[in-house]
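Please treat every number below as a calculation from the coordinates, not as lab data. Source: prediction; values computed, not measured. Note that each Cβ is placed from the backbone with ideal geometry, even for glycine, and that neighbours are counted across all protein chains shown.
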Number of protein chains: 2
Amino acid sequence: MIKNITGNIDFIENLRGKKATFMLALSNTHTANIPGITQAGIPGMLHLTPTLDSEFVCLGEVRSLDNIAKTPKGVPTPALITRAVHLLHPYSRVELLDLGLEVSPKIAYAKIHNFDMKPSRRIDDGAGIEAMEIFQKAVAFGQNYKCQDDYIILGESVPSGTTTAKATAMALGYDVENKFSSSFKDVPDDIRTSTINDALKRIKKDDDIFNTLSSISDNMLIFNAGFILGLNNSTPIVLAGGTQMACVLLVVNSILKQMEGSIETSNLSLCTTKWVNEDKNSDIEALINMCDFKVNTYYSDFDFSLSDHPALKLYDEGEAKEGVGAGGALMYGFLNGLSKEMITAKVESFLQ
Amino acid sequence: MIKNITGNIDFIENLRGKKATFMLALSNTHTANIPGITQAGIPGMLHLTPTLDSEFVCLGEVRSLDNIAKTPKGVPTPALITRAVHLLHPYSRVELLDLGLEVSPKIAYAKIHNFDMKPSRRIDDGAGIEAMEIFQKAVAFGQNYKCQDDYIILGESVPSGTTTAKATAMALGYDVENKFSSSFKDVPDDIRTSTINDALKRIKKDDDIFNTLSSISDNMLIFNAGFILGLNNSTPIVLAGGTQMACVLLVVNSILKQMEGSIETSNLSLCTTKWVNEDKNSDIEALINMCDFKVNTYYSDFDFSLSDHPALKLYDEGEAKEGVGAGGALMYGFLNGLSKEMITAKVESFLQ
């Protein structure tokens, strides 16, 4: 039910039955405001997607808008999957990382880590990120974080995050053509490509890595990289995401190179969805293999083949692939006795 | 679903819904190399059985050989049952005790307690066990062990372990004729009896108990007895096994007698399978009742009557009965809401 992309199954099998903290890294980049660049959310309300996603995962309802985030074609957010698993076999706790949200989630009692960050600007406008400051906050957070469970699952919700991730990987010098996923089935490459090219034009050859990240990435990429380095292999962590999380690994890799450092990665892993793993327009395995360190990576062998719901069938047709930690949520479900049937039925129950 | 052999159900009912550490005591005795003495494993590869069993329980695959251990008649290892429960309702953690394995399990990340022990020799060749040293290591392990869950389930995988157990009980002076189980339906009594008789001839009347154990038992029997005495009733423990685990209780009993000691046994129990409990060639209840202390013992009321799979039907025909903690695994499943249907279906899924 959980299959390898790289490495072996031993790491994940050792987490079977263990308790997890589910963390959700949330941020906004104004890159999402570029018309047509993403379908992760409601047109005109794209900036609300991470807010709504976190409300739905924590509460089962959205408060900052009348409806749960859907793409223009009606694909519901992967937060449905993450919530379904939380209902069937709850995460021990959910913690939110506010990495620069336009609108704070309206959730009393939830643990929301606030880092006093602002949404970043469009990458074709220089992004305007205080990369070093975010990185330092993240390293400190990782160094001081005391996990109360056996491991961390770290998901994300960042509208247009695959565009900023692809731009970031290119700016850092990785050859990633056709390797980055998108929330679209038919990726709107013209808009995406021109945005990325405009962004890359702003990068100077002799910029150091933090200057580069300041002008072309998003807060989540920088923060998660710093968080991983701060944890320093002390706590098992599963990056729950697709090519954006793979880009986090590339950022870690580039920072280590620049600093001439290294880390142990035996407790570092990534788990995505089958939709990402089988996506013909991207190649997560190739991205992971660009890292100089070894890392165990997986995908959860789940699809909606047991469902007749037209909105869910769109996932299997490639219209949505990952997000809100869905791949890691499915992994957690499988590691705790849930079946494809149970998860499918629970997701369907949200759509009735 | 869990029925009493001796004592009452209160102990086990108190563990309903609680968290368990599943421990697997693994060792080799060259007694298994005597042709025809056991069917727990692949001919010529019998020594690999505990290694393969532990790989399958932890990972769902075997690494030290191409196939999972089967008897010559095609009965699959009870590790399938133990793994099935781990998938449906995971043990909180699995820990392996390497008590002298020929081949170490190839499992990264698993907690493997290594005690620097060697496989023991054939009991008709004097076994050559450092019994006192093993016992002392085990007592220290029990005294220092901090269970991170509510209780321990302690299973075993020791090829030809029923032969060494029977020999041990006889050498300690218990009248156990027709009371010890075997992995065979039709027990090959000639080979077994002659081996045991040859072994018993080496025992001197005035040997103390550790000298006796050195020449006729196996590492698991001595270690588990020491572990129980070291725990000293501080943690609830379920011995997950049949007549071999009953023999562990007899070893505890004899050591206590020799030392003129006693222990509280309110947290000590045993749970085996229905196949052992109903076995006409053995009598686990009689073995348990030879102990001077009281102990709550159980069997899990599970069989493969819901399955049509020919390999599994062999269990119901008496060809395999217990091992790899199967009885305790079933108990844990039943204590956590699993049904006979669910467990049967999951075991069948391994054989497709």
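What net charge do the residues around B:Gly333 carry, taking every other residue with its C-beta under 11 Å from that of B:Gly333, with Lys and Arg at +1 and Asp and Glu at -1?
Working: positive: B:Lys340, B:Lys346; negative: none.
Net local charge, B:Gly333 excluded: +2.
Write out the trypsin sites (Lys or Arg not before Pro) in the stretch A:277-333 meeting two conditions: DSSP loop, and at most 10 other Cβ atoms within 10 Å of their Cβ. The partial results should precede the final answer.
Details: sites: A:Lys280, A:Lys294, A:Lys313, A:Lys321; in loops: A:Lys280, A:Lys294, A:Lys321.
Those that pass, being in a loop and sparsely packed, are A:Lys280.
Can you return the aspartates and glutamates within cross-link range of B:Lys340? Criterion is Cα-Cα under 15 Å, with same-chain partners fewer than 8 residues away left out.
Within the straight-line limit of under 15 Å, B:Lys340 reaches these aspartates and glutamates: B:Asp301, B:Asp303, B:Asp308, B:Asp316, B:Glu348.
Largest first and in whole Å, give the semi-axes of the protein assembly as shown's equivalent ellipsoid, each being the square root of 5 times a Cα gyration tensor eigenvalue.
They are 56, 24, 21 Å, listed largest first.
Express as a percent, rounded to the nearest 5, the fraction of DSSP beta bridges in the stretch A:2-350 (both residues included) that run antiparallel.
Values: 5 of 35 bridges.
For the stretch A:2-350, the DSSP antiparallel bridge percentage is about 15.
Please compare each pair in B:Lys19/B:Lys294; A:Lys18/A:Lys166; A:Lys137/A:Lys280; A:Lys146/A:Lys280 to a cut-off of 31 Å on the Cα-Cα distance and tell me which ones are over it.
On the way: B:Lys19/B:Lys294 25 Å; A:Lys18/A:Lys166 34 Å; A:Lys137/A:Lys280 36 Å; A:Lys146/A:Lys280 39 Å.
Exceeds cut-off: A:Lys18/A:Lys166; A:Lys137/A:Lys280; A:Lys146/A:Lys280.
Say a label goes 7 Å from Cα toward Cβ at A:Arg63 in every copy; what distances in nm does this one have to the rest, shortest first?
4.7
Residue by residue through the stretch B:276-283, what is 3J(HN,Hα) from phi via Karplus (6.51 cos²θ - 1.76 cosθ + 1.60, θ = phi - 60°)? Round to whole Hz and write x for glycine and proline.
5, 4, 9, 5, 7, 8, 8, 8
For peptide B:86-96, compute the average count of partner chain beta-carbon atoms within 10 Å of each residue's beta-carbon.
Numbers: counts 4, 8, 4, 3, 8, 2, 5, 6, 4, 0, 0.
The mean count of partner-chain Cβ atoms within 10 Å per residue comes to 4.
Can you tell me how much longer the chain between B:Glu260 and B:Lys313 gets when fully stretched, taken as 0.36 nm per residue apart minus their C-alpha distance, in nm with one decimal? Walk me through the numbers before you get to the answer.
Details: separation 53, 0.36 × 53 = 19.08 nm, distance 4.65 nm.
Fully extending the segment from B:Glu260 to B:Lys313 adds 14.4 nm.
Mind checking the stretch A:254-308 for GluC sites (Glu not before Pro) that DSSP puts in a loop (not H, G, I, E or B) and that have at most 11 other Cβ atoms within 10 Å?
Details: sites: A:Glu260, A:Glu264, A:Glu278, A:Glu285; in loops: A:Glu260, A:Glu264, A:Glu278.
Sites meeting the loop and neighbour criteria: A:Glu260, A:Glu264.
Using the 7 Å Cα-to-Cβ label point, sort the distances from B:Asp301 to its equivalents in the other copies shortest first and give them in nm to one decimal.
For B:Asp301, the inter-copy label distances come out at 3.5 nm.
Under 13 Å Cα-Cα from B:Lys118, which aspartates and glutamates qualify once same-chain neighbours fewer than 8 residues away are excluded?
Output for B:Lys118: B:Asp98, B:Glu102, B:Glu130, B:Glu133, B:Asp218.
What number, in percent, do you get for the relative contact order of the stretch B:2-350 if the mean sequence gap of Cα pairs under 8 Å and at least 6 apart is divided by its residue count? Walk me through the numbers before you get to the answer.
Numbers: 788 pairs, mean separation 88.4, N = 349.
Dividing the mean separation by the residue count of the stretch B:2-350 yields 25 percent.
On the Cα set of chain A, report Rg and Dmax in Å, please.
18.1, 55
When only C-alpha pairs under 8 Å and at least 6 residues apart count, what is the relative contact order of the stretch A:140-251, in percent?
Numbers: 116 pairs, mean separation 56.4, N = 112.
Answer for the stretch A:140-251 is 50 percent.
Quantify how strongly other chains surround peptide A:6-14 by giving the mean number of their Cβ atoms within 10 Å of each of its Cβ atoms. Could you put the intermediate results ahead of the total?
On the way: counts 0, 1, 7, 7, 8, 2, 2, 12, 9.
Taking all residues of A:6-14 together, the mean is 5.
Rounded to the nearest 5, what % of the DSSP beta bridges within the stretch A:202-313 are antiparallel ones? Don't jump to the answer; show the numbers that get you there.
Details: 0 of 9 bridges.
Bridges in the stretch A:202-313 are about 0 percent antiparallel.
How far apart, in nanometres, would the label points at A:Ile191 and B:Ala140 be if each is projected 7 angstrom from Cα along the Cα-to-Cβ direction?
In this crude label model, A:Ile191 to B:Ala140 measures out at 6.8 nm.
Between B:Ser194 and the same site in the other copies, what are the distances in nm, shortest first, taking label points 7 Å from Cα along the C-beta direction?
Ordered by increasing distance: 9.0 nm.
What net charge is computed for the residues neighbouring B:Phe210, neighbours being all others with C-beta under 12 Å from the C-beta of B:Phe210, Lys and Arg scored +1, Asp and Glu -1? Spell out each step's value before the answer.
Working: positive: none; negative: B:Glu130, B:Glu133, B:Asp207, B:Asp208.
The answer is -4.
Output the Kirkwood hydrodynamic radius of the stretch B:217-352, Cα pairs only, in Å rounded to one decimal.
Values: mean 1/r = 0.0629 Å⁻¹.
About 15.9 Å for the stretch B:217-352.
If Lys and Arg each add +1 and Asp and Glu each add -1, what is the summed charge of the other residues whose beta carbon sits under 13 Å from the beta carbon of B:Ser254?
Cβ neighbours under 13 Å give a net charge of -3.
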